[in-house]
Amino acid sequence: MKAYASMSREELLAEQEKLQAEYKGYEEAGLQLNMARGKPEPAQLDLAKDMLSIVDADTICKSETGDDCRNYGVMEGIIEARKLMAEIMEVKPEQVVVFGNASLNIMYDTVARSMLHGVNGSTPWCKLDKVKFLCPVPGYDRHFAVTESFGIEMVNVPLLEDGPDMDLVEKLVSEDASIKGIWCIPKYSNPTGVSYSDETVRRFANLKPAAEDFRIYWDNAYCVHHLYEEADKQDQILNILDECEKAGNPDMAYMFASTSKITFAGAGISAMASSADNMAWVKKTMTVQTIGHDKVNQLRHVKFLKDRAGVDAHMMKHAAILRPKFELVEKMFETEIAPLGIGSWIAPRGGYFISFESLEGCAKNIVAKAKAAGVVLTGAGAPFPYGKDPKDSVIRLAPSFPNLEELETATKIFICCVKLASIEKLLA
């Protein structure tokens, strides 16, 4: 297979004509396939179906401490759920508060709390002239949507193969007091699948921010989401809260996690962990928001998952469903795209996404072509603040939701669109 860049104009035109015929066939098929969001497929949700009956009318709904899970109160979450989430997050139970079903909700509230009330006694952000956040890119579009919704200025920081560009992070944070935070997905990052190196985590913990209320938003969404059972094929990262403690910066990081892609995506439990001072600040304002989260659901999760060993065993069932999908896409890319020199990607060892980088200026064209042929993808530009990809080249792919047959078809269409857009770019 000859690389497109080395083809003559006549060869490219001949290839284009062949691909256009293939593409027309997809258009006429009237397909409706979706690789846009990292939703678990029904078979993954079925893995937790026993959780629906694990608490029933005969269950004594009391926690270890005797609290009635059906009633108000227990703001921090029942102790069993705090222990479970602490094991998942690799922190101490006393550092953890358990919330509702979505960690994104906690992150939104944490930014809102900072805007309205300040951070641990600092000036509320809404009273400042300018507030900025650092955003490693490519990154998670919903993170960026949170900060954009509050009018916070977002600053791009390149995400490298071992984490964010820490030279740039250190420089910006130390020089600009208007920078109040940074979004991080440290393990199997969305969308690249990159995990932060030990050096990167330590450099985060040792930051010297100009702003006393600077915080690291450590979204540990994929902390147990390995694709492979073998230990040498699983990424491991240092614990940011431990490293911040060692560095004398115990308050600098917030950690977030949930069971959204462990049990039921829309009915899990979530948690936040941080220093004693940070969590006291959170709980102070949280008592105005709620009289307690869903403790029956917390009890349900503890009875079903039991402990970290139970979580790990359950996640291997997820991996057995997800792994063939990722391997299918990667194999098709290796066969159909790599020899042509028209795209690159990282083969992740966990998480939910594959980040594809096309030739510069092709991403929007590829996404539009795919949509017209019946495959919905995440919008081009989504992995960047304000939806603006400076190179128009990054596309986030989510292989999780379609079944294998649908995924193979969707990937064939995607590859056809990549080839067509690349030829158009080269001919232009």
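The values are calculated or read from the model by the stated rules, or taken from the named source; none is laboratory data. Remember, it's a predicted structure, so these values are computed and weren't measured experimentally. Note: ideal-geometry Cβ built from the backbone for every residue, glycine included; neighbour counts use all protein chains shown. The accessibility values were calculated without ligands, DNA or RNA, using every heavy atom of the protein model including side chains. Shrake-Rupley method; radii C 1.70, N 1.55, O 1.52, S 1.80 Å.
What to note about this one:
- So Ala57, is it in a helix (DSSP H, G or I) and of a type in the set (Gly, Ala, Ser): no
- Candidates Ala380, Ala368 - the one that is outside any loop (DSSP other than H, G, I, E, B), out of contact with any Phe, Trp or Tyr (no Cβ under 8 Å at 6 or more places or on another chain) and under 16 Å from Leu420 (Cβ atoms): Ala368
- Criterion (in contact (Cβ under 8 Å) with a residue 12 or more places away in the chain, at positive phi and crowded, with 20+ Cβ neighbours inside 10 Å) met by exactly one of Gly163, Gly139: Gly163
- Test: Tyr23 is open to solvent by 40 Å² or more (accessible area, probe 1.4 Å) and aromatic (Phe, Trp, Tyr): no
- Helices (runs of 4 or more DSSP H) contained entirely in the stretch 240-313, each with at least 3 residues that are over 23 Å from the mean Cα position of the chain (by Cα) and either within 25 Å of His143 (Cβ to Cβ) or of a type in the set (Gly, Ala, Ser) (or both): 276-289
- Residue among Glu22, Glu41, Glu10 that is of a type outside the set (A, V, I, L, M, F, W, C) and over 22 Å from Lys412 (Cα atoms): Glu10
- Candidate set: the stretch 33-75, residues that are in contact (Cβ under 8 Å) with a residue 60 or more places away in the chain and touching a strand residue (DSSP E or B) at 6+ places or on another chain (Cβ under 8 Å); chosen: the one nearest to Thr290 (Cα to Cα): Met75
- Residues of the stretch 104-123 satisfying the condition of being open to solvent by 20 Å² or more (accessible area, probe 1.4 Å) and part of a loop (DSSP other than H, G, I, E, B): Asn120, Gly121, Thr123
- Residues (under 15 Å from Asp68 (Cβ atoms) and open to solvent by less than 50 Å² (accessible area, probe 1.4 Å)) located in the stretch 281-301: Gly292, His293, Lys295, Val296, Asn297, Gln298, Leu299
- Count of the stretch 65-98 residues which are outside any helix (DSSP H, G or I) and open to solvent by 10 Å² or more (accessible area, probe 1.4 Å): 14
- When residues in the stretch 396-428 are screened for being surrounded by fewer than 17 Cβ atoms within 10 Å (Cβ to Cβ) and among the small types (Gly, Ala, Ser), 1 of them pass.
- Some residue of the stretch 235-246 being among the hydrophobic types (A, V, I, L, M, F, W, C) and farther than 26 Å from Lys171 by Cβ: no
- Complete set of residues in the stretch 172-190 that are of a type in the set (Lys, Arg) and more than 16 Å from Glu212 (Cα to Cα): Lys187
- Qualifying residue in the stretch 196-205 (condition: touching a helix residue (DSSP H, G or I) at 6+ places or on another chain (Cβ under 6 Å) and either at pLDDT below 95 or aromatic (Phe, Trp, Tyr) (or both)): no
- The stretch 354-365: number of residues that are assigned to a helix (DSSP H, G or I) and open to solvent by 40 Å² or more (accessible area, probe 1.4 Å): 2
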